[in-house]
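Read through the structure below, which is laid out as structure tokens, and then see the notes.
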Amino acid sequence: VVMAPMYFAGQIKFGVVTQAEGAFVQVLSALSVVVTQFEQLSQFVAGISRLETFSAALETEGKGTAEARPRIASQEEPRLALEHVTLMTPDYRQALVRDLSFEAAAGRGLLIVGPSGVGKSSLLRAVAGLWNAGEGRIARPPLSAMLFLPQRPYMVLGSLREQLLYPRVGREVDEGELRAVLQRVNLADLPERVGGFDAELDWGQLLSLGEQQRLAFARLLLANPSYAILDEATSALDVANEALLYGELQQARTTYLSVGHRPSLANFHDRVLELRGEGSWRLRAA
């Protein structure tokens with residue numbers, strides 16, 4: 001608009017007007033990025049900040065500041081037991097559990113309960129060997145004999161068959177057996193719904209969290225491990241489906257540790273480990 005009188009007066013050519021317009025659009029677009037992408041930029045900055053904190057923590061570990069701190073010792077044995085374990089936060093400022101000892105009875109279930117933030121999931125990570133801040137000793141079977149079911153199961157990029165066979169996706173399993181295990185976890189219609197066992201879809205988006213948890217239990221029943229660790233693995237299920245899955249687990253004679261909040265879970269476990277906070281705990285019959 002500003003250049004229009006100059007153009008009609010013959011002071012500038014039309015090509016100059018066009019170039020000026022294009023340059024203005026580019027500058028406006030560049031300056032608008034901050035406004036239009038503000039949310040994404042904020043998320044990016046927050047992510048970079050967390051990574052910087054993580055990197056600083058790793059550097060501190062590398063300098064040997066944590067070497068003098070006690071560590072929980074882990075040893076492979078044909079059993080799962082904790083011996084005088086004191087579990088600390090990574091910065092060693094707080095004891096989550098103090099002097100805890102128990103052995104998981106073969107073919108039985110142990111339920112871990114307590115308020116949020118008291119250290120239930122942290123204790124499972126210690127059993128898995130992922131958390132060793134503290135003292136004491138953990139005897140556990142090889143990781144190949146254990147299967148971990150988190151609250152939000154990992155959905156692999158692959159077919160329905162691979163979802164069911166994870167983490168050993170190369171196994172040869174008859175399709176009839178796959179259908180039978182889906183029937184046991186109340187997902188009998190899943191193959192027909194998604195286009196068969198060889199269908200490759202975005203399973204994390206396609207399946208609800210409750211369906212993902214039932215699919216994870218199907219993996220557990222197919223793998224039939226000696227030990228299973230379940231971290232709120234049925235939190236998205238109704239009581240009936242939860243009872244169905246734990247009933248199947250009991251019949252498999254798998255030794256399992258569970259973390260959960262529902263009182264109904266005690267019906268499927270022989271003992272309850274109650275974490276009370278500030279390091280205190282109580283082990284009782286279910």
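The values are calculated or read from the model by the stated rules, or taken from the named source; none is laboratory data. All values derive from a computational prediction rather than experimental measurement. Don't worry about glycine lacking a Cβ; one is built from the backbone with ideal geometry, like all the others, and counts go over all protein chains shown. Remember, those area values only see protein heavy atoms, side chains included, never the ligands or the DNA or RNA. Shrake-Rupley method; radii C 1.70, N 1.55, O 1.52, S 1.80 Å.
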remark   = Looking across the stretch 244-258 at residues that are at pLDDT below 95 and of a type in the set (A, V, I, L, M, F, W, C), the single one that is surrounded by the most Cβ atoms within 10 Å (Cβ to Cβ) is L249
query = Is there a residue in the stretch 125-145 that is hydrophobic (A, V, I, L, M, F, W, C), over 23 Å from the mean Cα position of the chain (by Cα) and open to solvent by 70 Å² or more (accessible area, probe 1.4 Å)?
reply = no
message = Checking the structure you have, find out if any residue of the stretch 228-241 is open to solvent by 50 Å² or more (accessible area, probe 1.4 Å), closer than 30 Å to L111 by Cβ and part of a helix (DSSP H, G or I).
response = yes
remark   = The lone condition R214 fails out of (1) closer than 20 Å to L160 by Cβ; (2) in contact with a Phe, Trp or Tyr (Cβ under 9 Å, 6 or more places away or on another chain) is (2)
inquiry  = With the requirement that a residue be open to solvent by 30 Å² or more (accessible area, probe 1.4 Å) and in contact with a Lys or Arg (Cβ under 9 Å, 6 or more places away or on another chain), what does the stretch 259-286 give you?
reply    = D270, R271, E274, R276, E278, S280, W281, R282, L283, R284, A285, A286
ask   = Would you pick out the residues in the stretch 155-187 that are among the small types (G, A, S), open to solvent by 40 Å² or more (accessible area, probe 1.4 Å) and within 25 Å of the chain's Cα centre (by Cα)?
value = G170
remark   = Of those in the stretch 85-113 that are over 30 Å from Y246 (Cα atoms) and of a type in the set (A, V, I, L, M, F, W, C), the residue least open to solvent (accessible area, probe 1.4 Å) is A95
inquiry  = I need a count of the residues in the stretch 188-205 that are open to solvent by less than 50 Å² (accessible area, probe 1.4 Å), more than 21 Å from F148 (Cα to Cα) and not aromatic (F, W, Y).
reply    = 6
message = Just to be sure I understand the filter: pairs with C-beta atoms under 8 Å, separated by 6 or more residues or on different chains, first member in the stretch 256-273 and closer than 10 Å to G109 by Cβ and part of a loop (DSSP other than H, G, I, E, B), second member open to solvent by 10 Å² or more (accessible area, probe 1.4 Å) and hydrophobic (A, V, I, L, M, F, W, C). Which pairs pass?
response = H269/A286; D270/A105; D270/A285; D270/A286
